[in-house]
Amino acid sequence: MNETPMRVYAEIDLDAVRANVRALRARAPRAELMAVVKSNAYGHGALPCARAAQEAGATWLGTATPEEALELRAAGIRGRIMCWLWTPGGPWREAIEADIDVSVSGMWALEEVRAAARAAGRTARIQLKADTGLGRNGCQPADWAELVGAAVAAQAEGTVQVTGVWSHFACADEPGHPSIRLQLDAFRDMLAYAEKEGVDPEVRHIANSPATLTLPETHFDLVRTGLAVYGVSPSPELGTPAELGLRPAMTLRASLALVKTVPAGHGVSYGHHYVTESETHLALVPAGYADGIPRNASGRGPVLVAGKIRRAAGRIAMDQFVVDLGDDLAEAGDEAVILGDAERGEPTAEDWAQAAHTIAYEIVTRIGGRVPRVYLGG
């Protein structure tokens, strides 16, 4: 536990990360598991979480950017790492030399990775991404034959090895959405074409966290789990973390900066959107939108103070917000739990997401760099 008082800190339970990885592996027992640690492991800390996930049996790590993947390698992380968000002129040679699998969605990327492989004198490991309906990255079906043909030719010349074919769902977090079946059918078709043309992928993958949890027919050789690794439900429609067998890894705690008594009719925070109804005790939580607390949750964001869930009173400011304790008592230095585990009676990332009209992914990922991370179970 943290022994030094801090303004605000995120406590990260690495045992929960390990337990979640084991639970997810049990959901897809015939597939390998990739733990996605992009965006600083969704705000939890990429390096400690990557190590914990590997200890629990994750055989792959995933990042969005090559820079994130290279940072893991520089820190001594071994094993398979894949990254997928490339722009022209990216660090292809560095990624090849670091034995990172790189995603290719179009001809420009294939041409750049081939040139980098020649310069490095190494064979690049690439994975071809199919756009099966998400409409973001990935190769459209109409362009698939050209990309596959060029990749097979590059493989024959020795500049690349195609290690995977993959795609990503648009609506796997919405059970029964018709696009799920359409995308799965498209993926099977594009995969079959690539294999017919000579691609022999080591891994075929399309399942993200919600698909891993609810769609076993999508598991193929590998499942890519992101938010679920950190014990947050990908969607309230799928169930709570406890219902999904997951444990939230992050608890965001703060020390109250001030508790004071104010009279009835007293405005609170910018704009006086909250005015006290009677004499009351106000507590100041020293965290704000500069720390990742969403300003959109002003007046609604939940926090556990003095044994009860309170709501942010008035505007959430850059560095602080206020809760109204009513007749309850607290003092400076007492703990406020901003988000944690519902099983302990604490507000959750999903609670904050609903208060801010967003998703739980954003709540944990946006916790800022000035919030120290304190690791348990390391």
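Residues that are closer than 28 Å to GLY292 by Cα, outside any helix (DSSP H, G or I) and aliphatic (A, V, I, L, M) within segment 21-44 comprise MET34, ALA35, VAL36, VAL37, listed in sequence order.
For the subset of segment 179-188 comprising residues that are open to solvent by less than 70 Å² (accessible area, probe 1.4 Å) and of a type outside the set (Gly, Ala, Ser), which member is farthest from TRP166 (Cα to Cα)? Of everything passing the filter in segment 179-188, ILE180 is farthest from TRP166 (Cα to Cα).
Exactly one residue out of VAL223, VAL303 is more than 26 Å from GLY345 (Cβ to Cβ) and part of a strand (DSSP E or B): that is VAL223. Number of residues in segment 318-339 that are surrounded by 20 or more Cβ atoms within 10 Å (Cβ to Cβ) and within 16 Å of TYR9 (Cα to Cα) equals 6. Among the residues examined, LEU191 does not qualify as surrounded by 20 or more Cβ atoms within 10 Å (Cβ to Cβ), closer than 30 Å to GLY121 by Cβ and touching a residue at least 40 places away in the same chain (Cβ under 8 Å). The residues of segment 58-79 that are touching a strand residue (DSSP E or B) at 6+ places or on another chain (Cβ under 8 Å) and either of a type in the set (Asp, Glu) or farther than 18 Å from GLY378 by Cβ (or both), listed by number, are THR59, TRP60, GLY62, THR63, ALA64, THR65, PRO66, GLU68, ALA69, ARG73, GLY79. From the list ARG344, ARG315, the lone residue that is more than 25 Å from ASN20 (Cα to Cα) and open to solvent by 60 Å² or more (accessible area, probe 1.4 Å) is ARG315. For PRO88, the conditions (1) in contact with an Asp or Glu (Cβ under 8 Å, 6 or more places away or on another chain); (2) part of a helix (DSSP H, G or I); (3) of a type outside the set (D, E, K, R) all hold with the exception of (2). If you go through segment 135-166 and keep only what is assigned to a loop (DSSP other than H, G, I, E, B) and open to solvent by 20 Å² or more (accessible area, probe 1.4 Å), you end up with GLY135, ARG136, ASN137, GLN140, GLY158.
Could you tell me which residue of segment 91-102 is nearest to ALA75 (Cα to Cα), considering only residues that are open to solvent by less than 20 Å² (accessible area, probe 1.4 Å) and not in a loop (DSSP other than H, G, I, E, B)? For segment 91-102, the residue satisfying everything is ALA95. Only residues that are outside any strand (DSSP E or B), in contact (Cβ under 8 Å) with a residue 60 or more places away in the chain and either in contact with a helix residue (DSSP H, G or I) (Cβ under 9 Å, 6 or more places away or on another chain) or surrounded by fewer than 19 Cβ atoms within 10 Å (Cβ to Cβ) (or both) were counted across segment 1-20, and they come to 11.
State yes or no: is ALA53 in contact (Cβ under 8 Å) with a residue 40 or more places away in the chain, surrounded by 16 or more Cβ atoms within 10 Å (Cβ to Cβ) and more than 30 Å from ALA332 (Cβ to Cβ)? It is true that ALA53 is in contact (Cβ under 8 Å) with a residue 40 or more places away in the chain, surrounded by 16 or more Cβ atoms within 10 Å (Cβ to Cβ) and more than 30 Å from ALA332 (Cβ to Cβ). Candidates are the residues of segment 122-134 that are assigned to a loop (DSSP other than H, G, I, E, B) and touching a Gly at 6+ places or on another chain (Cβ under 8 Å); the one that is most open to solvent (accessible area, probe 1.4 Å) is THR123. If the condition is being farther than 16 Å from SER39 by Cα and not in a loop (DSSP other than H, G, I, E, B), then segment 74-83 contributes ALA74, ARG80.
For segment 16-68, the set of residues classified as of a type in the set (Asp, Glu) and either touching a Leu at 6+ places or on another chain (Cβ under 6 Å) or within 24 Å of ARG136 (Cβ to Cβ) (or both) consists of GLU32, GLU67, GLU68, listed by residue number. In the condition set (1) surrounded by 15 or more Cβ atoms within 10 Å (Cβ to Cβ); (2) without any contact (Cβ under 8 Å) to a residue 24 or more places away in the chain; (3) of a type outside the set (Lys, Arg), PRO294 is compliant with all but (2).
Scanning segment 226-260 for residues that are assigned to a strand (DSSP E or B), surrounded by fewer than 22 Cβ atoms within 10 Å (Cβ to Cβ) and among the aliphatic types (A, V, I, L, M) turns up LEU258, VAL259.
So for segment 103-118 (the condition being part of a loop (DSSP other than H, G, I, E, B), touching a Phe, Trp or Tyr at 6+ places or on another chain (Cβ under 7 Å) and either open to solvent by 10 Å² or more (accessible area, probe 1.4 Å) or not small (Gly, Ala, Ser) (or both)), does at least one residue qualify? For segment 103-118, residues part of a loop (DSSP other than H, G, I, E, B), touching a Phe, Trp or Tyr at 6+ places or on another chain (Cβ under 7 Å) and either open to solvent by 10 Å² or more (accessible area, probe 1.4 Å) or not small (Gly, Ala, Ser) (or both): absent.
The values are calculated or read from the model by the stated rules, or taken from the named source; none is laboratory data. Given the structure is predicted, the values throughout are model-derived calculations rather than measurements. Virtual Cβ from ideal backbone geometry, glycine too; neighbours counted across all protein chains shown. Please note that ligands, DNA and RNA were not included when accessible areas were found on the heavy atoms of the full protein model with its side chains. Shrake-Rupley method; radii C 1.70, N 1.55, O 1.52, S 1.80 Å.
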